[in-house]
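Undergrad: Mind having a look at this structure? Questions to follow.
What follows draws every value from the coordinates through simple rules; no lab data is involved. Keep in mind that this is a model prediction, so the values were computed, not measured. Don't worry about glycine lacking a Cβ; one is built from the backbone with ideal geometry, like all the others, and counts go over all protein chains shown.
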Amino acid sequence: MFLEKAAALRAEADRAERPDVSPWAPREEARGGQEELEAPVPSPRRAAVSMQEGSSLVKAKDFHFPALANGLDFLRSAVELLARQGGPEPRDLKCAVLHLHAAAEVLFKARLEMHQPALVWANTGKFDETKHKAGKYRSCGAEKAIERLNENVGLAVETVLDPEDEDLVALGQLRNRLTHFGGSDTFGAVQARTLPVLTLLMYFLRFDVLPHVEDPGEAWTAEQEMDEIRGHLQHITAFVAQRKSEIADQLRGHEYVTVPCRSCGLYAVVLDGGAVDLTCHFCWQSYGSGVEAAWEYIGESRHITIKDGGQDFDSCSVCGDSAVAPVNTAAAPDTISYICFSCGSGHAGVCDYCQQAGDLAFTVADMGEDMCEDCYAYRLAKF
Ligand SMILES: [Zn+2]
Ligand SMILES: [Zn+2]
Ligand SMILES: [Zn+2]
């Protein structure tokens with residue numbers, strides 16, 4: 001039964017997705033100033049129509065806000081795929097991410113619609129009730145929806161929704177990677193990336209959506225659906241917690257050289273300075289070693305970046321490799337540390353005169369520039 005539903009959702013998601021640059025695809029900005037389009041990209045209404053065939057939940061005739069049912073359906077599909085017994089297949093992971101992304105966007109818009117339907121339109125000034133009911137309008141993107149929720153609707157104190165939210169942006173980037181480039185993110189990485197967004201959406205539903213559902217039947221059905229979702233969510237939470245405890249010993253004592261993984265987002269990549277491949281302890285994402293790992297870590301190609309006039313990494317005063325990157329570490333997540341991906345050495349900073357990372361002799365106060373001991377000695381000799 002669920003497989004049919006998942007297939008319908010999958011087909012809808014596949015049709016709906018378009019290559020985007022921004023993780024949240026602010027469609028209205030991309031075509032700013034145009035008239036409303038007749039064939040909108042996914043919106044609550046559009047999803048509602050297609051999902052009526054696939055979901056018994058949406059079939060209920062007394063539903064006042066189909067968008068809410070759709071959002072919950074996408075959310076449920078995402079958690080069911082992620083919590084699948086025996087572990088999800090790569091295709092499940094891709095669908096789970098697409099569905100979670102769709103769930104976030106649809107649920108944000110569901111709340112906007114409850115408050116004032118025009119807020120769902122990309123151009124609110126052009127709101128037309130007839131077109132709205134027919135689904136013939138271009139809806140705002142998720143980023144804009146979050147802005148409007150904050151500015152026009154107001155959120156419960158328990159809910160913190162920010163268009164720049166690290167977890168939401170990371171989910172959008174993961175969706176783009178999986179949609180357009182295939183992506184090789186592992187089961188663990190997807191679980192770790194999606195869990196914070198799942199949790200955030202459950203908070204949003206609990207404190208900002210359900211209290212505003214006026215129809216008791218609709219509220220009851222939504223509560224039932226959330227109970228189901230919560231059950232699956234517990235499995236995902238338990239998996240992430242277990243993996244974290246499994247690797248805790250391996251990470252202990254290395255906090256000053258442990259950086260967040262690009263794939264799962266957790267502080268689990270230890271730059272221990274060995275010649276071995278750098279691998280995320282949590283999700284097993286491999287980064288290679290040395291200079292190669294530094295480039296892999298930022299997701300760029302050294303060859304292309306330098307050919308296009310970009311800069312190389314700063315060089316290391318200990319091993320000589322150009323592999324020193326400014327990173328956050330588990331020991332100091334809020335400050336920048338300069339660590340060499342080749343040898344694991346931590347440096348005080350980068351000399352603004354020779355671009356080498358190492359111990360700095362001093363900072364030129366007026367200019368705010370740092371100078372290393374070598375450059376200082378050289379200048380002193382000339383003086
Ligand atoms: Zn990882
Ligand atoms: Zn080094
Ligand atoms: Zn220098």
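Undergrad: Name the residues whose placed amide hydrogens come within less than 5 Å of the amide hydrogen of Ala122, ignoring near sequence neighbours (fewer than 5 apart) on the same chain.
TA: Here the answer is Arg138, Ser139, Cys140, since their amide H atoms fall under 5 Å of that of Ala122.
Undergrad: Roughly how many debye, to the nearest 20, is the charge dipole of the stretch 76-221 about its Cα centre, given +1 on each Lys and Arg Cβ, -1 on each Asp and Glu Cβ, and no other charges?
TA: About 600 debye.
Undergrad: How charged is the neighbourhood of Leu278? Take every other residue with its Cβ under 14 Å from the Cβ of Leu278, and add Lys/Arg as +1 and Asp/Glu as -1.
TA: Net of charged neighbours comes to -4.
Undergrad: Please order Tyr378, Tyr287 by the number of other Cβ within 10 Å, starting at the fewest.
TA: Tyr378, Tyr287
Undergrad: Quick one: Kirkwood hydrodynamic radius for the stretch 171-290, alpha-carbon pairs, angstrom, one decimal?
TA: With all distinct Cα pairs of the stretch 171-290 included, I get 16.6 Å.
Undergrad: Using only C-alpha positions, report the orientation-averaged shadow area of the convex hull of the stretch 255-347, nm², one decimal.
TA: Over every viewing direction, the Cα hull of the stretch 255-347 projects on average to 5.6 nm².
Undergrad: Whole Å is fine, so just give me how far the alpha carbon centre of the stretch 245-263 lies from that of the stretch 269-314.
TA: 17 Å
Undergrad: Short version: ³J(HN,Hα) in whole Hz for each residue of the stretch 154-159, in order, from phi by Karplus 6.51 cos²θ - 1.76 cosθ + 1.60 (θ = phi - 60°), x for Gly and Pro, what are they?
TA: With the stated coefficients, the stretch 154-159 comes to x, 10, 5, 4, 6, 9 Hz.
Undergrad: Spelling out what I want: for every residue of the stretch 106-115, take phi, set θ = phi - 60°, compute 6.51 cos²θ - 1.76 cosθ + 1.60 (Karplus), and round to whole Hz; glycine and proline get x.
TA: Coupling constants for the stretch 106-115: 5, 5, 4, 6, 4, 5, 4, 5, 4, 6 Hz.
Undergrad: Separate question: What list of ³J(HN,Hα) couplings, whole Hz, do you get for the stretch 336-350 from phi and the Karplus terms 6.51, -1.76, 1.60, once you set θ to phi - 60° and write x for glycine and proline?
TA: Rounded to whole hertz, the list is 8, 10, 9, 10, 8, 6, 7, 10, x, 6, x, 10, 5, x, 10.
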